[in-house]
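First comes the structure, then the notes that go with it.
What follows is calculated from the coordinates using simple rules that are stated; it is not laboratory data. Keep in mind that what you see is a predicted model, and the values were worked out from it rather than measured. We place every Cβ from the backbone using ideal geometry, glycine too, and count neighbours over all the protein chains shown.
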Amino acid sequence: MNMLNFAIIGCGRISKNHIDALIYNSNNCNLVAVCDIIKDKAFQRKNQYEDNVANADVKVYIDYIQMLEDEKIDVVVICTESGYHAKHAIDCLNHGKHVLIEKPMALSLEDADRIIELGKEKTLKVGVCHQNRFNPPIQKLRRAIEEERFGKIINGTARILWTRDQNYYNQAPWRGTKVLDGGTLMNQCIHNIDLLQWMMGSEVERITCERDTFLRSIEMEDFGAILIRFKNGSIGIVEGSACVYPQNLEETLSIFGEKGTVVIGGLAVNKIQTWQFADERDYDSEEGNTEVDSVYGKGHISLYRDFIGAIRDNREPYISGKEGKKALEIILRAYDNA
């Protein structure tokens, strides 16, 4: 089949993982262009890709509209500041491109809905980067959920206890702002909030939230806690911090039911710490743990493989716009509540 041509808008910190995923999936796709208003960043990603893929020729742009009009592109990956995700996604969809959007897909539900509806109208795919859903331990947990091994699910807990010092925010002044980023709940916690709501398997009934800015000189929160009551009666608890001393402590997802307990931790929810059920299955003994070298994990590789397959098979991506909106909605409702 024809190779899919990809382009990236935004060549900052997270874009390295997208380049790695494109390199790994280079038998099915080409990176043809990168765009960033800081040209040196774009050239860094161009070189990263060309150094690893034979005969690659990546064009560099500082104007993404010009890139969309000049290049033959099938998919645009949006890695810009969170507050620009919606505008960039909508512009790309209006130019006839599939879009794969870094989290969060937008900073308002209205913008998220606009992206989802425009994708349907244009018959284009919209995917959201919640790559941790592809982690082998998370997939193993999801299988146990689907097989109803927990019995009645009582509660789930997402703990994101990290440190982000003031230098982290000073390096990129958009971080921690209301218009372009959000606080710890939106930036650092959204992946685990996505996993929590996915495992609980129910719509949200009500949300309460406490948040504050304790240590960092930013507009939004550096610590937040959310209590979620789901319509199936279960309770979700989120604890998110950027203030842990002196370094990241944990990112943990725990699910508790009448017949099962599972805790997944590690650097990027990549290691099973507790796996206990009243019954036994053949796959219980499969370790499933993966080694990672950053909090981003390695899920982008599988995320890209799935998104390419969704385009070729004309199906919904595993993490569609509709799925990507769910964690965003929880956080925005928490902000409103607080």
222 nm mean residue ellipticity, helices alone, for the chain (DSSP H n ≥ 4; -39,500 (n - 2.57); rounded to 500): -10500 deg cm²/dmol
For the stretch 237-251, just list the computed ³J(HN,Hα) in residue order, Karplus coefficients 6.51, -1.76 and 1.60, θ = phi - 60°, integers in Hz, with x standing in for Gly and Pro. 10, 10, 10, x, 9, 10, 10, 5, 9, x, 8, 3, 9, 6, 10
When Lys and Arg each count +1 and Asp and Glu each count -1, what net charge do the other residues less than 11 Å away from Glu291, Cβ to Cβ, add up to? +1
Placed amide H near Leu107: partners under 5 Å, 5+ positions off or other chain: Ala86
Which percentage, to the nearest 5, of the DSSP beta bridges contained in the chain is antiparallel? 55
Sequence-separation-based contact order of the chain, relative, with Cα cut under 8 Å and 6+ spacing, percent: 19
Can you list which of the GluC sites (Glu not before Pro) found in the stretch 275-338 are DSSP loop residues with at most 13 other C-beta atoms within 10 Å? Glu280, Glu286, Glu287, Glu291
Environment charge of Gly257, counting only residues whose C-beta is closer than 10 Å and scoring Lys/Arg +1, Asp/Glu -1: +1
Spin-label point model (7 Å from Cα, Cβ direction): what's the Thr261 to Arg315 distance in nm? 3.7
Glu280 paired with Glu50, simple spin-label distance in nm, labels 7 Å along Cα-to-beta-carbon: 5.8
Can you list the residues, at least 5 places off or on another chain, whose amide H is less than 5 Å from the amide H of Ala33, using H built in the peptide plane? Ile8, Lys59
Subtracting the Cα-Cα distance from 0.36 nm times the residue separation, let me have the gained length for Phe214 to Leu227 in nm, one decimal. 2.7 nm
Kindly write out, for the stretch 18-32 in residue order, the coupling ³J(HN,Hα) from the Karplus curve 6.51 cos²θ - 1.76 cosθ + 1.60 (θ = phi - 60°), rounded to whole Hz, with x marking Gly and Pro. 5, 4, 4, 5, 5, 4, 5, 9, 5, 6, 10, 8, 10, 8, 10
When Arg216, Arg312 are ranked with the fewest other C-beta atoms within 10 Å first, the list becomes Arg312, Arg216
Gain on full stretching of the segment that runs from Glu69 to Tyr245 - 0.36 nm per residue minus C-alpha separation: 58.6 nm
The size of the Cβ-based charge dipole (Lys, Arg +1; Asp, Glu -1) of the stretch 182-338 about the Cα centre, to the nearest 20 debye, is 460
Magnitude of the Cβ-charge dipole of the chain, K/R +1 and D/E -1, about the Cα centre, nearest 20 debye? 220
Summing +1 per Lys or Arg and -1 per Asp or Glu among the other residues with Cβ less than 15 Å from Thr123's Cβ gives +1
Arrange Cys79, Cys189 by Cβ neighbour counts within 10 Å, fewest through most, would you? Cys79, Cys189
Taking only the alpha-carbon atoms of the stretch 245-338, what semi-axes of the equivalent ellipsoid follow from 5 times the gyration tensor eigenvalues under a square root, in whole Å, largest first? 25, 22, 18
Cβ-based charge dipole, the chain, positive-most Cα from Thr163, Val262, Tyr304: Tyr304
For Phe150, Phe307, what's the fewest-to-most ordering of other Cβ within 10 Å of each Cβ? Phe150, Phe307
Give the angle, between 0 and 90 degrees and rounded to the nearest 10, that separates the Cα long axis of helix 321-337 from the longest principal axis of the Cα atoms of the chain. 60
What angle do you read, to the nearest 10 degrees and between 0 and 90, between the alpha-carbon axis of helix 39-50 and the longest principal axis of the chain? 80
Diffing the stretch 151-167: the Karplus 3J(HN,Hα) column from phi (6.51, -1.76, 1.60, θ = phi - 60°), in whole Hz with x for Gly and Pro, holds x, 6, 7, 8, 7, x, 10, 10, 10, 10, 10, 10, 10, 10, 6, 5, 4
